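First up is the structure itself, then whatever we jot down about it.
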Amino acid sequence: MTAVRVDPAARLSGELRPPTDKSLSHRAAILAAMTTATVRVRGYLQAADTLSTLAAVQRLGARVERSGDELAITGVGPRGAVAPDGAIDVGNAGTLMRLLPGWLAAQDGASFTLDGDDSIRRRPVDRIAEPLRRMGAEVTATDDRLPPFTVTGARLRAIDYELPVASGQVKSCVLLAALGADGATSVIEPAPSRDHTERMLAAAGAEIRREGRTVTVAPTGQLALDDLTIPGDPSSAAFLVAAALIVPGSRVVLRGVGVNWTRSGFVRIAQRMGADVRGDLEAPGAEIPAAEPISDLEVAAGPLRGTVVEPDEVPLAIDELPLVALLGCFAEGETVVRGAQELRLKETDRIATVVDGLRGLGATIEASEDGFVVTGSGGLRGGRIASHGDHRLAMLGAVAGLAAREGVEVDGMQAAEVSYPRFMHDLARLM
């Protein structure tokens with residue numbers, strides 16, 4: 001494990017472009033593999049998780065060619081996946097593990113086993129197994145809920161499926177399976193979640209619509225995607241936003257960030273806390289556009305105040321909620337997050353690890369079953385924090401170090417390579 005010490009910064013300034021979107025990169029590779037023409041993808045994220053997805057679609061028969069920062073992916077069609085010898089290795093990629101079975105479930109009679117690293121083997125797949133079984137696929141898992149697990153495809157039947165918890169990954173799995181069903185399939189969400197899959201399906205020619213919190217997709221025999229350009233990842237940009245907000249005197253510009261309204265939850269929460277973050281954020285809408293909106297974000301440090309994050313906001317900021325806890329340490333008053341029990345099912349139990357990690361740096365923070373409560377104390381003392389192999393916890397510790405009085409030593413900083421390989425390099429640029 002690599003230990004990296006991050007000392008307090010006098011100020012952060014300058015501009016940079018965050019890495020391209022991890023969620024969109026996963027989906028671009030999978031959807032391109034489900035077409036039969038060649039799709040060119042510009043700006044595909046070159047990180048551990050997304051490289052696992054490229055390797056997976058290649059094992060299923062797609063051809064991937066690289067030229068500079070552009071990929072050319074030639075797919076095998078919606079029903080043309082080839083069952084490989086041995087398991088498909090998803091590495092640490094939870095998105096890949098939960099989306100890919102939607103495509104595989106429609107491969108009638110073929111069986112596919114998915115496995116991954118030690119962290120993945122602790123992450124449940126029962127939420128995707130239930131709807132896929134209802135559609136007619138066979139899913140067998142370790143202890144009936146954990147990887148490694150096997151999906152055996154079938155002639156799928158259409159269903160109406162109500163998600164027990166808002167999840168863009170589970171929703172996407174069902175929507176991909178629905179392309180091979182015998183009729184229109186609907187997914188009902190308890191609250192909005194990220195909609196990248198719906199937009200990419202619309203761009204690929206699928207018949208898809210949204211009415212309120214119900215998304216319906218019709219079966220299709222073919223998909224056709226134009227060339228794709230991946231915008232900057234708002235979840236990765238959020239760490240730079242948080243750093244600029246808590247290091248006094250900072251002013252930072254982030255170029256080309258995706259501002260899809262289902263991914264802008266953190267920025268909106270930060271703005272409610274008094275943060276000076278400016279950008280052309282997309283407004284919520286009923287339609288499913290095919291395009292992903294992009295904007296520059298201008299961020300300046302300033303005083304923050306506590307806030308309450310309610311359950312319906314959680315799916316729109318799920319990956320950035322640890323940063324809400326960090327901002328709460330520097331804010332006046334109390335910051336509360338509720339309805340975020342999904343954090344316990346991430347790479348780590350992110351409620352427990354964030355609370356323990358920040359408390360070790362001097363925070364006044366308490367865990368609840370579905371979130372946490374932070375009492376602002378004007379900052380952090382600093383100290384040592386372990387990443388536990390979680391990329392977002394590693395980056396959280398580094399950002400905290402920039403503003404903590406004594407700096408922070410992060411054990412396992414290399415975990416950041418899962419989503420943001422150049423994270424420490426970019427922080428240094430802003431310093």
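When T197, T185 are screened for being more than 26 Å from D89 (Cα to Cα) and surrounded by 23 or more Cβ atoms within 10 Å (Cβ to Cβ), only T185 passes. Within segment 105-133, residues that are not assigned by TED's automatic domain parsing to the domain that holds P84 have Cβ atoms under 7 Å from residues that are surrounded by fewer than 17 Cβ atoms within 10 Å (Cβ to Cβ) and among the basic types (K, R) in no pair, counting only partners at least 6 apart in sequence or on another chain. Cβ-Cβ distances below 6 Å connect the following pairs, each with a first residue in segment 144-171 that is aromatic (F, W, Y), a second residue that is surrounded by fewer than 19 Cβ atoms within 10 Å (Cβ to Cβ), and a separation of six or more residues or different chains: F149/A141. For segment 394-407, give me each residue that is assigned to a helix (DSSP H, G or I) and either within 10 Å of G382 (Cα to Cα) or without any contact (Cβ under 8 Å) to a residue 12 or more places away in the chain (or both). The answer is G397, A400, G401, L402, A403. Any idea which residue in segment 276-312 is surrounded by the most Cβ atoms within 10 Å (Cβ to Cβ), counting only those that are in a loop (DSSP other than H, G, I, E, B) and among the aliphatic types (A, V, I, L, M)? The selected residue is L304. From the list V324, V410, V373, the one residue that fits, being at pLDDT 95 or above, crowded, with 17+ Cβ neighbours inside 10 Å and either in a helix (DSSP H, G or I) or in the same structural domain as R122 (by TED's automatic domain parsing) (or both), is V324. Determine if segment 240-252 includes at least one residue that is in a loop (DSSP other than H, G, I, E, B) and surrounded by fewer than 21 Cβ atoms within 10 Å (Cβ to Cβ). Yes, there is a match, as at least one residue in segment 240-252 is in a loop (DSSP other than H, G, I, E, B) and surrounded by fewer than 21 Cβ atoms within 10 Å (Cβ to Cβ).
When segment 74-106 is filtered for residues that are of a type in the set (A, V, I, L, M, F, W, C), closer than 14 Å to R27 by Cβ and in contact with a Ser or Thr (Cβ under 7 Å, 6 or more places away or on another chain), the ones remaining, listed by number, are A93, L96, L99. Residues that are closer than 18 Å to L104 by Cβ, surrounded by fewer than 19 Cβ atoms within 10 Å (Cβ to Cβ) and out of contact with any strand residue (DSSP E or B) (no Cβ under 7 Å at 6 or more places or on another chain) within segment 146-177 comprise L146, R155, listed in sequence order. Tallying residues that are under 19 Å from V6 (Cβ atoms), hydrophobic (A, V, I, L, M, F, W, C) and under 23 Å from the mean Cα position of the chain (by Cα) within segment 216-251 yields 9.
Exactly one residue out of E342, E366, E347 is charged (D, E, K, R), at pLDDT 95 or above and in the same structural domain as P8 (by TED's automatic domain parsing): that is E366. Do we find that A29 is under 24 Å from A181 (Cβ atoms), buried (at least 24 other Cβ atoms within 10 Å of the Cβ) and touching a strand residue (DSSP E or B) at 6+ places or on another chain (Cβ under 6 Å) in this structure? The answer is no for A29. Residues of segment 62-79 that are surrounded by 18 or more Cβ atoms within 10 Å (Cβ to Cβ) and modelled with pLDDT under 95: none at all.
For (1) among the hydrophobic types (A, V, I, L, M, F, W, C); (2) touching a helix residue (DSSP H, G or I) at 6+ places or on another chain (Cβ under 7 Å); (3) outside the structural domain of R27 (by TED's automatic domain parsing), each residue gets a yes or a no:
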site: V253; (1), (2), (3): yes, no, yes
site: G256; (1), (2), (3): no, no, yes
site: G265; (1), (2), (3): no, yes, yes
site: R268; (1), (2), (3): no, no, yes
site: R272; (1), (2), (3): no, no, yes
site: D276; (1), (2), (3): no, no, yes
site: E282; (1), (2), (3): no, yes, yes
site: A286; (1), (2), (3): yes, no, yes
site: P289; (1), (2), (3): no, yes, yes
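Of the residues examined, V151 is one that is more than 29 Å from G265 (Cβ to Cβ) and either part of a loop (DSSP other than H, G, I, E, B) or assigned by TED's automatic domain parsing to the domain that holds L104 (or both).
The values are calculated or read from the model by the stated rules, or taken from the named source; none is laboratory data. What you see is a predicted model, and the numbers here were worked out from it, not measured in a lab. Because the Cβ atoms are built from the backbone with ideal geometry, glycine has one as well, and the counts that use them run over all protein chains shown.
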